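A quick write-up on the structure given underneath.
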Amino acid sequence: MTAAPRTSKEGPGMTLRTKAAAVALAAGLLMAPMAAIVTPAASYGAPDEAVTRAADWLGQQFTDGQYLIGFDGLTPDPTYTIDGTLALVSASTQAETVDSAVAWVTSQAAGFVTNPASAARVAILADAVGADVLNFGGVDLVAQLQAPLDESTFANPYGLAMLVIALERTDTAVPQSVLDALLATQDAQGAFGFPEFGVDIDSTALAALALGSLKDNEQASQANQKAVDWLVANQCTQTSQMCPTTGAYWGSYSPANTAGLAIQALRQAGVDVSAQVDWLVGQQQPDGGFPAAIGAGYSDAYATAQATLGLSGADLTNVSKTTVDASAPPASDPGPAAGNQTGLIVAVAVGVVAIGVVVYYLRVRRRGPQA
């Protein structure tokens, strides 16, 4: 916001120089609105309105305000619920739903936490809301994070990336065996994937984010850079079956979901994500949610959760109820554009008053003392 210059009060014995200064000050105040108009607004991760609208829609999808239904459309799903709750936390809204959802996940923890990967998802949520990671629904999540990798986690880059993030968030050392397992799923070009399915863009984005959190590990830093470079190079620059249009997004089965994850990783790496953010905001539906597929015409809770977190300016390594990301204004903040409008109005008012004072004083001096 362009600040209005400060005015000072002068005594009745103004000299010609101080009169000239007063006129110049008034003229400067009158010009202040023009400066406010041309001052560029600060750049945020996404329009705050888009994040709020998405969170409002997502909050309405929680059954009884407690949980999200899974892919089958019938069963309460801890995975969906955790991701949706983290999205609401990142938007700094829906506090009542967040508390209810955390309570529900807590009640499900003992049955849901079956391996280090599932423990990781719960641990990220617990840490984000300030819960006890050593006793979350009777489960010691840190102990579960340190359990030996089972077959379902060992070759799963998405689960391994979640595990690295959770270990970092709980101040637990990342074992070399976990890092080695994650790096083993990266190909020579930098993408991560599954042995049976090949490259997975979501896993590549999440792995990049996880590796980027290991600041002092050179091996992780090199792998992170390769993954980031791959994400930048493999956007939809030409049309294909997975890219119906060209744009700053990735051709996947759920592009909004993927973009939400990739934006987190690229932003963490210092990449300008304004084009990707613009594309993602352009996918927002009239109801505030995001579609699972381009042109689907209806909103999807899981895609909206990932998109909201990506647009919020936070990411899975730092989203928290107790911190506000500096890259995005709070929901109640009208933002820099509105601030400039307020500054313009104030500057005009002060300028008019200052000119009026100067004109009045000069007229009084010209007329001389009144009887």
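The values are calculated or read from the model by the stated rules, or taken from the named source; none is laboratory data. Being a predicted model, the structure only gives us computed values, none of them experimental. Methodologically, a virtual Cβ is constructed for each residue, glycine included, from the backbone with ideal geometry; neighbour enumeration extends over all protein chains shown.
Annotations for the structure displayed:
- Qualifying residue in segment 124-142 (condition: polar (S, T, N, Q) and in contact (Cβ under 8 Å) with a residue 12 or more places away in the chain): no
- The residues of segment 124-156 that are closer than 27 Å to residue 91 by Cβ and either in contact with a strand residue (DSSP E or B) (Cβ under 8 Å, 6 or more places away or on another chain) or outside the structural domain of residue 96 (by TED's automatic domain parsing) (or both) amount to a single one, 126.
- Residue 174 being surrounded by 19 or more Cβ atoms within 10 Å (Cβ to Cβ) and not in a helix (DSSP H, G or I): yes
- Of all residues in segment 240-254, those that are touching a Gly at 6+ places or on another chain (Cβ under 9 Å) and surrounded by 12 or more Cβ atoms within 10 Å (Cβ to Cβ) total 4.
- Residue in segment 270-283 that is in the same structural domain as residue 83 (by TED's automatic domain parsing), free of Cβ contacts under 8 Å to residues at least 24 places away in the same chain and either of a type in the set (S, T, N, Q) or not in a loop (DSSP other than H, G, I, E, B) (or both) present: yes
- Considering segment 85-158, the qualifying helices (runs of 4 or more DSSP H), each wholly inside and each with 2 or more residues that are at pLDDT below 95 and more than 18 Å from residue 301 (Cβ to Cβ), run over 151-154.
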